[in-house]
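Notes follow the structure.
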Amino acid sequence: MRALKILAKVVGYLALAGALIWAIFPRQAEDFRPLAEDGNDFAQYALGVMYAEGNSVDRDDDEAVRWLRAAADQSYAPAQTWLAKMHQEGRGVPEDQFEAARLLRSAVDQGNADAKNNLALMYVDGAGVRQDYDTALRLLRSAVADGHRRAHVNLGFMYAQGMGITRDAEEAVRLYRVAADQGDELGEQRLSDICSVTWYEGC
């Protein structure tokens, strides 16, 4: 527990520390609860996700929101991104696309790639924000530069459909291929679909 506490404190300084803790230590809610109660943002986030997913505890959206909000209120970007998802889906809170967009903007300002991808989709759909393909493309390109797999798929789809940009099936295939090669199932499906119609380099 002492080692977990020390590592958890490092999260504010090292972007990969959270993933490291997650991988090294047992993913049990009780391992994180004391730290969460002490106000550690990563532990609050981890506990919130566990409740949201029913991982080592019974799924409880109210508890998930409670802990995610505690971390989000400390400007912890992953928690803001997850809490935005809860608002989008109306889980543990009333559905509120505007609040979801606000939370995602805050996480994007901190460089969170998941938030960039998710906010881009809101701009594509015009959910909680005015529909804006240019902003969606900018966010997705930034997430792609960060190596975000699903952003490759979503940007590829915009190229394939010509959404706010000149249609470019070859670029779509290239982006789908990157995601598919990393095991993204939607990327694999999109690649299969586009290549079943016309063969492109990368198919």
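Values as computed for the structure displayed
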read-out: Tally of residues being more than 15 Å from A115 (Cα to Cα) and not in a loop (DSSP other than H, G, I, E, B) across the range 132-152; value: 2
read-out: Some residue of the range 90-112 being in a helix (DSSP H, G or I), surrounded by fewer than 23 Cβ atoms within 10 Å (Cβ to Cβ), in contact with an Asp or Glu (Cβ under 8 Å, 6 or more places away or on another chain) and not polar (S, T, N, Q); value: no
read-out: Long-range neighbours under 7 Å by Cβ, at least six apart or interchain, first residue under 16 Å from D73 (Cβ atoms) within the range 45-62, second assigned to a helix (DSSP H, G or I) and among the charged types (D, E, K, R); value: L47/R33
read-out: In the range 113-130, residue surrounded by the most Cβ atoms within 10 Å (Cβ to Cβ) [restricted to those that are more than 19 Å from S142 (Cα to Cα) and not aliphatic (A, V, I, L, M)]; value: G128
read-out: Search result, residues across the range 113-131 that are touching a residue at least 12 places away in the same chain (Cβ under 8 Å) and either part of a loop (DSSP other than H, G, I, E, B) or under 17 Å from G156 (Cβ atoms) (or both); value: A113, K116, N117, N118, A120, L121, Y123, V124, A127, G128, V129
read-out: Sole exception among (1) over 20 Å from the mean Cα position of the chain (by Cα); (2) among the polar types (S, T, N, Q); (3) closer than 19 Å to G111 by Cα for N154, by number; value: (1)
read-out: Residue within the range 134-145 that is without any contact (Cβ under 8 Å) to a residue 60 or more places away in the chain and over 17 Å from the mean Cα position of the chain (by Cα) present; value: yes
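All of the numbers you see were taken from the coordinates with simple rules; none came from a lab. These numbers come from a predicted model, not from an experiment. Backbone-built Cβ (ideal geometry, glycine too); neighbour counts: all protein chains shown.
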